[in-house]
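Here the structure comes first, spelled out in structure tokens, and everything after it is commentary.
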Amino acid sequence: MIAEICDYAAEYSGNFISSLLNLAQKARSDLKMETLFVFPKESENKQWIKLIDQSGFKVVFVDRNSSLRDQKKFFRELAEKYGIKLMHTHFVKFDIPVLQASKKSNLHVIWHVHNDLTHNNVKQRVKDFIKFRIMSKNVDKIICVSEPVKQNLIKRGSSPDKTIAVKNGID
């Protein structure tokens, strides 16, 4: 089982939901692996959630405002309940609790960075350094949506060996 963990609650599905569904369908047909989608509770009544349901995939919701500790527990229990082998996070919000949930398990973790993290704020730059230089050592891969985003993450401490650029597809 693969878990696509997304901090996404926009009104529109855009290319993002379409891409996730295509990836899940490919995993189902080619790898014989099911996909579980995890979104914040704020997305529960969005039209695109119905599209995911109609495609035959399970969706669960996480409280994006809960504590880091509660999120870690949520993701650990989710992995155990559904037999998840890979957690693929999107939009950075759940990167750290998912990574913490994967400790002492055979759970693989991929972080997917969808935006350029160019901050001039010193506090945020220090946080990014700790996250990408130290914590990301326990992540299997970091996927970036473009080469400039990849280079920016490497400057912020991400390992060049783990960081790859995969351009977004277009509907």
State whether one or more residues within the stretch 130-139 are in contact (Cβ under 8 Å) with a residue 40 or more places away in the chain, within 22 Å of GLU77 (Cα to Cα), open to solvent by less than 50 Å² (accessible area, probe 1.4 Å) and aliphatic (A, V, I, L, M). yes
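Scan the stretch 16-27 and tell me whether some residue there is surrounded by 12 or more Cβ atoms within 10 Å (Cβ to Cβ), touching a helix residue (DSSP H, G or I) at 6+ places or on another chain (Cβ under 6 Å), at pLDDT below 95 and assigned to a helix (DSSP H, G or I).
Yes.
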I'd like to verify a number: residues in the stretch 28-51 that are more than 22 Å from ASP95 (Cβ to Cβ), assigned to a helix (DSSP H, G or I) and of a type outside the set (Ser, Thr, Tyr), how many? 8
Just name the residue that is surrounded by the most Cβ atoms within 10 Å (Cβ to Cβ) out of those in the stretch 40-64 that are within 16 Å of the chain's Cα centre (by Cα) and hydrophobic (A, V, I, L, M, F, W, C). VAL62
Taking interchain pairs and intrachain pairs at least six residues apart, which have beta carbon atoms under 6 angstrom, with the first residue in the stretch 68-93 and under 16 Å from MET33 (Cα atoms) and the second of a type in the set (Val, Ile, Thr) and part of a helix (DSSP H, G or I)? MET87/VAL98
Six or more apart or on different chains, Cβ under 8 Å: which pairs go from a residue in the stretch 5-34 that's of a type in the set (Lys, Arg) to one that's surrounded by 16 or more Cβ atoms within 10 Å (Cβ to Cβ)? Could you list them? ARG28/GLU34; ARG28/THR35
Filtering the stretch 142-171 down to residues that are part of a helix (DSSP H, G or I) and either open to solvent by 80 Å² or more (accessible area, probe 1.4 Å) or not β-branched (Val, Ile, Thr) (or both), which residue is farthest from ARG125 (Cα to Cα)? GLU147
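The values are calculated or read from the model by the stated rules, or taken from the named source; none is laboratory data. Predicted model only: the values in this text are computed from it and were never measured. Every residue, glycine among them, receives a Cβ derived from its backbone with ideal geometry; neighbour counts consider all protein chains shown. Surface accessibility is based on the protein's heavy atoms, side chains included, excluding ligands, DNA and RNA. Shrake-Rupley method; radii C 1.70, N 1.55, O 1.52, S 1.80 Å.
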